[in-house]
Each structure stands twice: as C-alpha cells, then as structure tokens.
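Colleague: Questions regarding the structure given below will be posed in turn.
The values are calculated or read from the model by the stated rules, or taken from the named source; none is laboratory data. Worth saying up front: this structure is predicted, and the values here are computed from it rather than measured. Cβ coordinates were reconstructed from backbone atoms using ideal geometry, including for glycine residues, and neighbour counts include every protein chain displayed. For accessibility, only protein heavy atoms count, side chains too; no ligands or nucleic acids. Shrake-Rupley method; radii C 1.70, N 1.55, O 1.52, S 1.80 Å.
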There are 2 protein chains.
Amino acid sequence: MTRSWFNPRTLLDPAVLADIYRHEDPAANAWLFPETVIEHGESLDASVAIPDELVDLYRQLGRPTPLLRATRLEEHLGTRSAIYLKREDVLPNGSFKISSALAQAWFGKREGRTVVVTETAAGQTGVAAALASSLVGLSCEILMVRSSFDRKQLRRLLMASYGADVRPSPSEDTEAGRRFIAAGHQDGSIAIATSEVFELLDGRSGGMNIAGSLLDFTLLYSSVIGLEVTEQLRQLDVVPEVAVGCVGGGSSFGGFALPMLDAHPDLRLVATESTAIPTLTKGRYDFDHPDGEGQAPPLKMFSLGHDFSAPKMHASGLRYHAASPIVSALVHQGRIEAEAHDETEAMEAALLLARLQGLVVSPESSYSLLSAFRRATDPELPPANIVVLVSGSGHLDLDAYASLLTPPAAP
Amino acid sequence: MTRSWFNPRTLLDPAVLADIYRHEDPAANAWLFPETVIEHGESLDASVAIPDELVDLYRQLGRPTPLLRATRLEEHLGTRSAIYLKREDVLPNGSFKISSALAQAWFGKREGRTVVVTETAAGQTGVAAALASSLVGLSCEILMVRSSFDRKQLRRLLMASYGADVRPSPSEDTEAGRRFIAAGHQDGSIAIATSEVFELLDGRSGGMNIAGSLLDFTLLYSSVIGLEVTEQLRQLDVVPEVAVGCVGGGSSFGGFALPMLDAHPDLRLVATESTAIPTLTKGRYDFDHPDGEGQAPPLKMFSLGHDFSAPKMHASGLRYHAASPIVSALVHQGRIEAEAHDETEAMEAALLLARLQGLVVSPESSYSLLSAFRRATDPELPPANIVVLVSGSGHLDLDAYASLLTPPAAP
C-alpha cells in the first residue's frame, strides 16, 4: 500500500500552472474546503504523504483494488495484446470516488469541521461523500438533483444507509432553491444544487464541501489508483504501453494514468469521452467558468461552454461541460490523446465484458473498454500491454445495460 | 488458489450418510444434472480435484476473495475479539453462488449439455446460473417466481445482461404453469417454478439444471470459500476459534465452515437463521421432502415441513423449509450450533457495519453479523478469533436497509 500521493501538478511547467489559475483567488475557497486540502491543491511537491490513519482506512475499504488480466476477453478478441483491468468497481461504495472523498473528509475532521454539505447528480459523488463522512465521523447533508433523486433511488438509498440526509434540489431550504422552483426548474441541475450548497454552507460554521472532481486535489487524492497499478505491474514484471480511462471532470483519469508516468515515461495515455459531450475532442482550450452559472473564476481548460446543455446519457459521470485543467493542459500539449466514442457501441463493449468475464462496469468505463478493444484488435498496430480503468460498478446502473437487450428486459 | 474441493460428506459416518439418502434412487437425478456432478455428490473421497480450466475461471472472477479484519468494527464494539469477514460480496454476480454454479455448468458443457434451465426466487441462484452459463458457453433459461420477477427488477436485468432468457413463473409455457395460473396462483413460488423447470427439461435433449443449494455437491463446490479462509488465516498466523455463517439451503455455510475443520478441529461452528423461519432451531430432524409439492424422495434433515409457508422477509435466500442434510446431521450431532435471530436486529447490525466499514452486505449475512457482534461483546466469554461469512452484496437489496431508516428514505 502506497504511503504517499503522486502530485499531478508536477507534470506541468509552473508557468503553465500559474497561467491556468491566473484568475483565481487562492483564499476564495478557504471557507469551502479544509485548509490542508487547499494546501495540497496548491502544492508543487512531487508527492504528499498520506497520514497513517488514512492508509489504514484505505486498506479497510479494500485498497489496493485488484488488477485483473482479462485473458478470456483477450481470447475472444483474438488479440496478442494483454488487457489489464484496474478494478475500482469492488470498492464498497461502488466507485473510485471514495479515495478522494475520504481524504477530504479526514482532513476536515482533523481541522474541526463537523458537517459535510455537498451536491450530487446521479449520486456517485454523494455516495462517496456519505461514506467518507460516516467513516471519519462527520454528519452529511446531500443535495441531489431532483430528476436523479426520483430516478436513481438505489444510490439515494445507499447514501441514506451510510447515514446521510439526502434532499432533492431545488429545495425549499434556500433562496436559490426557492427561486429556481418559482422559475419552473423543478428537475434541477448540478449548477442549481451547487448554488444551494454554497448558500447552506455560507451561513454554517464547521461546514465543508467535498469536491467530486475537476480540482487538482481530487486528482492528487485519486493517485492511489495509478500508484497501485504501477506496483501491481512491477510485481508481474509487465511494462504498460497504453493506459485508457474516461474523463468527466478528470479525477479518475488523472489519478489513474498520470502517476504511472514516473516509472513509465513512454506510456501512451488515452482519455475517452462520449461523442455526445465531446469536451476534449471538440471543446475549446481557453478560459471558462467551472460552474454552470458562470460565477466562479474562469480556469484554463477544455470546455464546451459553461452554458452547455448536457444531453441525457447513461454515463451520468461524464455529463460535465469542461475537464480538469491538468488533464486539459496535457491534452493540449499532446501528451494525452483524446477519443470520443458512441454510447451504444461503448455499452456493447461493456455487455461483451459482462458475458465474458462477469464484470458489470459503470457506463462511464464502457468508453475506455471500447477504446481498448479497438486498440487490441487493430491489425495495423503491434501487440501492447493495455491497462484500462474500470472506474466503478454498474450494478446500480443496470438500466444502461437493459437498453441494449432485445427484446427489452424491463419496461 | 486451491486446486481441489473439500468433500463435506467425509465429516459424516458412511452409515449416517446411507441412512440420510435411503429413500433416494441415485439414478433418478441423472437426467437433471451432469454425470460428473452426480458422481461428485456421491463421492466419499476426502477431496475432489478442480480442473485447471475451472481454477483459471475462479481466478478470473476474483477468487480468492478477500478476508478483511474489520478493525473499525472491533474498535466500535470495544471488543478484544478479532472479527474477520470473508468477502464473497465482491464477486461480480454479487454472491458466493457463482462458485458452485460455475462448476456445474462447466462439467455440463464438458459432457455435451447445451442449455441450462433453472428456477430462481429472488434471483441470486438465477444470476449465478446466468453468468456460469455465459462463461462456459451454454444458453440459459430462467423461470423466476413472478412476484420477484416484478419486484426484483435489477436481479432480472443482471441475468438478462449475462445473456439469460428470464421468464416469470407460473408461465403459459408448461402444463404445470397453466394449471397454477388457472388455479389463481399468479404470484408463483419456488415449488411451482421447479415443477415448470422439470417439465421443460424432461422433453429437452441437452438440457440440465443448476442446483442453487441443499444438495451435497453444492457444498462441495462451495468449499473453495473455506479452503481460502484457512489459507488466508494461515498466512496471518491466526487460529480461528468461531466461524459464523447463515443457513438457507446450507451451501454457503457448508462451503465456508466445514472445510476449516481439517486444519482446526476445535473450531466452534455457528449456523444462523431467522426467527421467522427457524429450521435448525425449531424444525424437526426427520425425513421430509426437499420440494414444496412433496413429490421428491424424502431426505433426513431439519425441516419445518415441506408445506411450510415461508413468510416474506428481506433475506429471500433463507426462505426455505429445510436445510442441507449434511449441515442438518452435524447440527443434530451437536457439532454445529444453531442460532435464530430477529430480522430487524440483524439488519441493524448490517447497517452498523455499513456505516463503520462501508460494506453493504446481503440481508442473509446480517444474521451472522449480529451473532458475531454478540459473541464479541459478551462479557462472560474470553476474546476469540471470529470469522464471519459475508455471503453476498446488498447493493441490489437496498430496500432491506431502507426499512430501517427513519424517516424512510424511499416510498
């Protein structure tokens, strides 16, 4: 088990970093996140030590997660490439998100914060925040976008089982919520939920937010994923040649792929996304607001525009208009390749994996599977060691699988 | 990874075994199950070799599964006992059942069977059968009790994702189904589904059934669980003193607890069940029919009567009137202690575990958790090394957790 996080900020020139964040006031987030978390997000050190108690918590949750060589899949594809799956799906909350949420909650608790108030759309961030809060002893309130609150009942139940108070957004509890309800925005959005959370936290001492993705410290805290892969491959005496992960906000990709560069500087990095939200492949690399309302200071990153209206899709975790500034800069520099894939083709790859290996992966991960399958079966390319991030389990997203089944298995 | 299964039949005197099965015609099941499976179920050898290909399949699914020392739980309980959790919940189908289903399907495929037709109630057996069939290349048809078919949509979707054709029972496809529908038994029952499956298999060449529990070979094939625990504890240099698992049909308990006796003959074995279906604690040890209709030859075992009407409960896997003849005999001999617990208290133990360790276990496992908590906190008893079987994941049973939440988190 790794004893320190890898700092992905060190992959960028300090001048580039300074430019990305030139509109940001470092003090502005201080009330929102624990001081230590803010410091980590601004660090230029190559690595950051993980407190012993947090190492133990990671272990209790099942870290390191398994790295599986999917030999049955390889045989089916008829490839001479090796395909390794990093299985974040086995974490008890069902996704990689706990590793970052837990660190944020743990530092918050140590600094005397008492309550987490956070927003969630489809629920993966909320589930991770709820579990992290429970594990470190913070109370937890979650504003869940109402359309998901109504449709994603199991994620909501999981948050409640972990002890969180889950409410639909827009709510009647905030001015912002009441304003949006009055304007007819009953379904809500992550931007509205965020506004409500800020309002709730603003007047509350001891409160803190847990960030789901995008911010540099979420990549830092997620770097346990890539550090584990590096060590697992070292034990197998395997040199990875391609690493594939999906990008929504960018924390899973950044935490998975970037830490491997230390040991494997020639590693090819492939970031996948949906053709429906082609941030990295068709977005603009420029300054844009990270929030939907355009109130937060702009960051330099790939974006489809902060007013981009994300279509409905199975991979709710990819429904975001922009991507991590660090990941964006590395895509812009050509260090990371970006690929957009069709949702149905991606889910077909996931269904194939389920039938060959039993693994039911999250819809987000399906895009990376498809990319790996194509790379492994491309007759123009030599065999390679390909590592794919399975960022979460699809057991609570089985409706995405059902959409492929003929005749449909569910109404 | 173990290379052979432990044969639990060798724990009984051959004369006792012969008595248990004295009404059975060994040839009677030959059409229903693969020959090798039948042979294994009648074997008196101490162990049975696992074919290499099956060892590899077990590995691909994530065996050995983790053994977790739940130190956070221990601290919360304030106990000096050590509590180890054997985590079958991480298997991709969500429960221990795949290890037995896979062996049955693999031997069937080797013998030229082409299609699995099997019955399922809440769906754990069906999900395992669907995945096993997909992995070895058999087609799979599942008759699912209609009340579960309508309510347990996610398990049904999971079976369909694994490629199975899932139909509600009673169905219009069989005489038995039509008879029960005409008689107004629309909701179905596992007995009705079994009748339909037998009828469908009777006229079909190449067909086979996958048994979910009860039969000796299901305990044999599940013995990988206990063999793994033995090896995992050996590596930790820990001698287990108490092993706790729940009993429905008895295959998880038999596969988990009994193989440990070889290395640890003094191990205390505790079988848990619900006070709502107190087979081992209040049932009768005598001959009874394993099926609900009373047509199959009687076996000597603990039973509440084959016409027992099981109440609705969260732990659907425990809704069975009898228990494995092997487990029953060992309970009768006093080698296994049986305990019945209240459903709500058991689910409260599960909820506590979720909040302390993140693990959301199946409702079946909650009874064993409660037993372990009580043992660990009993001031009259010395500290002990306690191993608890977590037989499956509760992610698809979150309604059981919701029932404890106040105010209720779901309608």
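Colleague: Out of all DSSP beta bridges with both ends in the stretch A:225-345, state the antiparallel percent to the nearest 5. Let's see the in-between values first.
Modeller: Details: 6 of 17 bridges.
That works out to approximately 35 percent antiparallel.
Colleague: Separate question: Which order do the peptides A:52-63, B:371-382 come out in when sorted by mean C-beta neighbours inside 10 angstrom, highest first?
Modeller: On the way: A:52-63: 17.9, B:371-382: 15.8.
Packing order, densest peptide first, comes out as A:52-63, B:371-382.
Colleague: I'd like the orientation of helix B:124-136 relative to chain B: the angle between its Cα long axis and the longest Cα principal axis, in ° from 0 to 90, rounded to 10.
Modeller: Approximately 70 degrees, to the nearest 10.
Colleague: Same structure again: Just the C-alpha atoms of the stretch A:168-239: what Rg/Rh do they give, with Rh taken as the Kirkwood radius?
Modeller: On the way: Rg = 19.6 Å, Rh = 15.2 Å.
Result: Rg/Rh = 1.29.
Colleague: Right, another one. Given q = 0.09, 0.13 Å⁻¹, what are the Debye log10 I(q)/I(0) values for chain A, with equal point scatterers placed on the Cα positions and solvent ignored?
Modeller: Once normalised to I(0) and log-transformed, intensities are -0.49, -1.09.
Colleague: Among B:Arg9, B:Arg151, what's the order by accessible area (1.4 angstrom probe), most exposed first?
Modeller: Values: B:Arg9 25, B:Arg151 150 Å².
The residues order as B:Arg151, B:Arg9, largest area first.
Colleague: Right, another one. What average count of beta carbons from other chains do you get within 10 Å of the Cβ of residues in A:55-64? Could the numbers behind the result be given before it?
Modeller: Details: counts 0, 2, 3, 0, 3, 10, 4, 7, 0, 0.
Average neighbour count from other chains, rounded to a whole number: 3.
Colleague: Helix-derived [θ] at 222 nm for the protein assembly as shown: sum -39500 (n - 2.57) over DSSP H runs of at least 4, divide by residue count, nearest 500?
Modeller: On the way: 36 runs with 334 residues, N = 822.
Here the helix-only value at 222 nm equals -11500 deg cm²/dmol.
Colleague: What average count of beta carbons from other chains do you get within 10 Å of the Cβ of residues in A:115-127?
Modeller: Details: counts 0, 0, 0, 0, 0, 0, 0, 0, 0, 0, 0, 0, 1.
Per residue, the average neighbour count from other chains is 0.
Colleague: Relative contact order for chain A using alpha-carbon pairs under 8 Å, separation at least 6, rounded to a whole percent? Intermediate results must be reported in sequence, preceding the final value.
Modeller: Numbers: 891 pairs, mean separation 77.3, N = 411.
Reported as a whole number, the value is 19 percent.
Colleague: Can you give me the angle between helix A:98-110 and the longest principal axis of chain A, using Cα atoms only, in degrees from 0 to 90, rounded to the nearest 10?
Modeller: Approximately 40 degrees, to the nearest ten.
Colleague: Residue by residue, what Karplus-based ³J(HN,Hα) values in Hz, rounded to whole numbers, does the stretch A:258-270 have, using 6.51, -1.76 and 1.60 with θ = phi - 60° and x for Gly and Pro?
Modeller: Working through the residues one at a time gives 5, x, 6, 5, 4, 7, 9, x, 8, 3, 7, 10, 10 Hz.
Colleague: Here's something else I'd like to know. In this model, which of A:Lys86/A:Lys282; A:Lys312/B:Lys312; A:Lys109/B:Lys312; B:Lys282/B:Lys312; A:Lys86/A:Lys152; A:Lys97/B:Lys97 are farther than 30 Å apart at the alpha-carbon?
Modeller: On the way: A:Lys86/A:Lys282 28 Å; A:Lys312/B:Lys312 37 Å; A:Lys109/B:Lys312 42 Å; B:Lys282/B:Lys312 18 Å; A:Lys86/A:Lys152 26 Å; A:Lys97/B:Lys97 28 Å.
Long pairs (Cα-Cα over 30 Å): A:Lys312/B:Lys312; A:Lys109/B:Lys312.
Colleague: Alpha carbon centre of the stretch B:331-360 versus the stretch A:210-259: separation in Å?
Modeller: Using only Cα atoms, the two centres lie 37 Å from each other.
Colleague: I would also like to ask the following. Using a 10 Å cut-off on Cβ to Cβ distances, tally the other chain neighbours for every residue of B:71-77 and report the average as a whole number. Write out the running numbers ahead of the final one.
Modeller: Working: counts 3, 4, 1, 0, 0, 0, 0.
Averaged over the peptide's residues, the number is 1.
Colleague: Top to bottom by accessible area (1.4 Å), largest first, where do B:Glu24, B:Glu74 land? Numbers along the way, then the final one.
Modeller: Values: B:Glu24 65, B:Glu74 15 Å².
From most exposed to least exposed: B:Glu24, B:Glu74.
Colleague: By how many nm would the segment from A:Leu44 to A:Trp31 grow when fully extended, if each residue of separation counts as 0.36 nm and the alpha-carbon distance is taken off?
Modeller: Once the chain is fully extended between A:Leu44 and A:Trp31, it gains 2.5 nm.
Colleague: When only alpha-carbon atoms count, how far does the stretch A:17-141 stretch along each of its three principal axes, as whole angstroms with the largest first?
Modeller: 54, 37, 32
Colleague: In whole Å, how far is the Cα centre of the stretch A:1-59 from that of the stretch A:143-184?
Modeller: So the two Cα centres are separated by 30 Å.
Colleague: Hey, what did the stretch A:105-219 get for relative contact order, percent, Cα under 8 Å, at least 6 apart? Please list the in-between numbers first.
Modeller: On the way: 216 pairs, mean separation 34.0, N = 115.
The normalised contact order for the stretch A:105-219 reaches 30 percent.
Colleague: Still on this structure, I have one more. How many percent of DSSP beta bridges within the protein assembly as shown run antiparallel, rounded to 5? Don't jump to the answer; show the numbers that get you there.
Modeller: On the way: 28 of 94 bridges.
Once the DSSP bridges in the protein assembly as shown are tallied, antiparallel ones form about 30 percent.
Colleague: Also: Compute the helix-to-body angle for A:190-202: its Cα long axis versus the longest principal axis of chain A, expressed 0 to 90° and rounded to tens.
Modeller: On a 0 to 90 degree scale, this one is about 50.
Colleague: Round to the nearest 0.05 the FRET efficiency obtained for B:Leu404 and B:Asp150 when R0 = 22 Å and r is the Cβ-Cβ distance.
Modeller: Details: r = 24 Å, r/R0 = 1.08.
The calculated FRET efficiency here is 0.40.
Colleague: Please state the equivalent ellipsoid semi-axes for the protein assembly as shown: what are the square roots of 5 times the Cα gyration tensor eigenvalues, largest first, in whole Å?
Modeller: Working: eigenvalues 422, 155, 135 Å².
Whole-Å semi-axes of the equivalent ellipsoid: 46, 28, 26.
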